[in-house]
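Student: What follows is a single structure, and I will ask about it in a moment.
The values are calculated or read from the model by the stated rules, or taken from the named source; none is laboratory data. None of these values were measured; they are calculated from a predicted model. Cβ atoms come from the backbone with ideal geometry, glycine included; neighbour counts cover every protein chain shown.
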Amino acid sequence: AMTRTAAPTSRTLTPFRLMMVLFVSAIHLGSCYVPASQPYVSSLSNLQMHRSQRTADRVSCKISAGAAAESTARGADNVLATSDAWTQALERSSPPGLHEAYTALRRYRLSKPLLYLRQFSAACPKEAAALCSWVDFSVPRTVREAVNCFCSQQTTQFIGAVLVLTFISRLALGPFRLADSLAAGLTAVAWCFQEWLIHDKLLHSPWNWFGRTVHRWHHELPYYHVCVDQVQIAAPWFAVAATLAVTAGLATAHLAPFLSALATYSACGGVYEACHFLAHTPVRPLPRELGRMRAHHMKHHLINDEYWLAFTVPGIDTLLGTSPSTKSPLRSRR
Ligand SMILES: [Zn+2]
Ligand SMILES: [Zn+2]
Ligand SMILES: [Zn+2]
């Protein structure tokens, strides 16, 4: 099934193949230099950790004394494993300039679930205003608004561009064959498991690193917010995927199916971004499947972040035992 007819079968780097490598790599790498236009992005690049809890004590919003006491108790619980002050600071770090807002967010969450910015604004107006400089809370409510909002995101446009370019590159290599379908199918299946693995093992990792911190900030926000991964994260990610795919394609002299795999991978990335984006909006009406996907992700955010880790295909959690019944108490996995 892997035989090729008209195309050259040698493993040598022909000028055409070299051009392909440069083409795909340049597109992917070049997009890494999209200027940082949002405050979120620029502040990520000079990430600062707040080592002091003093600012937390200055938070002036109306939170009951009971909740504050519970907050201290839980804080102590969280750092039981590590008495090291630096690790403790990492566990409690906030985006630069938003320490007071995030401290208030954490306290609010101890008393009730936080879905809407307006809940937080009512309790902590000053902190809520600061938060709006960091995150876009104008979530779409209709399908049309959702499409407009999603398509206006840099990351969406980037994924669309690389998907089209990779597809065109594949078309240039000749007609589609069985190997292309196999490569695409395997890639799509692998993607679904990759989502779960990255979310469970890296974004909720037992050790502290940049990705985990950024993901915790996402969890600490009011549930409904405009949320698409930054292009500064998506572009290097796809650059690595493209480099691997093209290298493997050249090494095995089967570039075509590897480009099909890369195109599928890009498409899956787009589907994932769209799903996560939709999951964090109150858009109605939604097709039943998407509504189910959103409810699944809400459980991850609002019930227990050790479960319901899949995005596009919630069934992956059933398969991997991380979609428990919510009727009985949940056992800690981590
Ligand atoms: Zn989100
Ligand atoms: Zn989320
Ligand atoms: Zn999570």
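Student: Would you be able to tell me the number of residues in region 226-254 that are aliphatic (A, V, I, L, M) and in contact with a Lys or Arg (Cβ under 8 Å, 6 or more places away or on another chain)?
Tutor: Of the residues in that region, 3 qualify.
Student: Which one of these does S332 not meet: (1) of a type in the set (S, T, N, Q); (2) at pLDDT below 95; (3) within 22 Å of C192 (Cα to Cα)?
Tutor: Exception for S332: condition (3).
Student: Give me the residue from region 108-143 that is of a type in the set (D, E, K, R) and modelled with pLDDT under 95 and, out of that set, surrounded by the fewest Cβ atoms within 10 Å (Cβ to Cβ).
Tutor: Taking the candidates together, the pick is K112.
Student: Also, quick follow-up: Of the residues in region 167-186, how many are touching a Leu at 6+ places or on another chain (Cβ under 6 Å) and either closer than 19 Å to I233 by Cβ or loosely packed, with under 13 Cβ neighbours inside 10 Å (or both)?
Tutor: Going through region 167-186 one residue at a time, the tally reaches 0.
Student: Kindly check whether there is at least one residue in region 206-213 that is surrounded by 17 or more Cβ atoms within 10 Å (Cβ to Cβ), away from ligand 2 (no atom under 16 Å from the Cβ) and among the hydroxyl-bearing types (S, T, Y).
Tutor: Checking region 206-213: not a single residue is surrounded by 17 or more Cβ atoms within 10 Å (Cβ to Cβ), away from ligand 2 (no atom under 16 Å from the Cβ) and among the hydroxyl-bearing types (S, T, Y).
Student: Take region 298-334 and flag every residue that is within 16 Å of ligand 3 (Cβ to nearest atom), farther than 17 Å from C268 by Cβ and assigned to a helix (DSSP H, G or I).
Tutor: Hits for region 298-334 are M298, K299, H300, H301, L302, D317.
Student: Report whether or not G249 is closer than 25 Å to T155 by Cα and not in a loop (DSSP other than H, G, I, E, B).
Tutor: no
Student: Count, please, the residues in region 253-292 that happen to be part of a helix (DSSP H, G or I), touching a residue at least 12 places away in the same chain (Cβ under 8 Å) and not aromatic (F, W, Y).
Tutor: 23
Student: Also: Identify, from the list Q153, Q157, the residue that is surrounded by 19 or more Cβ atoms within 10 Å (Cβ to Cβ) and closer than 30 Å to S260 by Cα.
Tutor: Step by step, each of Q153, Q157 is checked, and only Q153 is surrounded by 19 or more Cβ atoms within 10 Å (Cβ to Cβ) and closer than 30 Å to S260 by Cα.
Student: Taking E273 as meeting all but one of (1) within 14 Å of ligand 3 (Cβ to nearest atom); (2) crowded, with 19+ Cβ neighbours inside 10 Å, write down the number of the exception.
Tutor: Condition not satisfied by E273: (1).
Student: Moving to a separate point now. With respect to V228, determine if the residue is β-branched (V, I, T), crowded, with 17+ Cβ neighbours inside 10 Å and at negative phi.
Tutor: Taking the combined requirement at face value, the residue satisfies it.
Student: How many residues are within 17 Å of H219 (Cα to Cα) and of a type outside the set (D, E, K, R) when one looks only at region 109-164?
Tutor: Qualifying residue count, region 109-164: 16.
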